[in-house]
Amino acid sequence: MNLSRRRKLSSHVETSSMNDIMFFLMLFFLIVSTMVNPNVIKLMLPNARSGKAVMKQTINVSVDAAGKYFIDRQPVAPDGLEQALGQRVAGLEAPTVVLRVDAGLNVQKLVDILEIGNRLKIKMVMATQSQQAAGKG
């Protein structure tokens with residue numbers, strides 16, 4: 001005689017935490033999807049028969065180890081740099097100046113050129129040499 005009760009097996013799965021997990025996943029994907037391209041506006045642009053590519057014009061300002069200034073390989077006096085640079089960028093829509101300053105020069109010369117660019121409201125970028133190219137030469 002078997003007096004023990006038979007236990008029914010329950011196949012119930014707890015799913016209460018699934019709601020929280022799905023909520024956090026949805027929140028995560030909503031936040032990430034807005035951060036991918038927040039300032040992009042999709043437009044269908046009109047077609048044109050003749051196209052002209054607008055390229056930003058760069059101007060090179062160089063200072064060699066002797067302290068001589070050049071604008072696009074044209075020598076310029078240090079006192080006349082601001083005036084010459086102002087004449088050179090006049091009429092350009094978005095001029096960019098690439099600064100090529102010798103590594104052995106005083107930092108003050110670089111700061112002086114950057115102040116000139118700030119007064120003229122010109123975007124300035126400093127050119128550097130990669131470590132691979134420096135090791136070869």
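The values are calculated or read from the model by the stated rules, or taken from the named source; none is laboratory data. Please read all numbers here as calculations on a predicted model, not as lab measurements. All Cβ positions, glycine included, derive from the backbone under ideal geometry; neighbour counts span all protein chains shown.
Number of residues in segment 1-38 that are within 25 Å of the chain's Cα centre (by Cα) and modelled with pLDDT under 80: the value is 6. Scanning segment 89-104 for residues that are of a type in the set (S, T, N, Q) and touching a residue at least 40 places away in the same chain (Cβ under 8 Å) turns up at least one hit.
Would segment 39-49 turn up any residue that is modelled with pLDDT of 65 or more, surrounded by fewer than 10 Cβ atoms within 10 Å (Cβ to Cβ) and aliphatic (A, V, I, L, M)? Within segment 39-49, not a single residue is modelled with pLDDT of 65 or more, surrounded by fewer than 10 Cβ atoms within 10 Å (Cβ to Cβ) and aliphatic (A, V, I, L, M). Taken together, the criteria place F70 among residues that are closer than 30 Å to V98 by Cβ, at pLDDT 80 or above and of a type in the set (F, W, Y).
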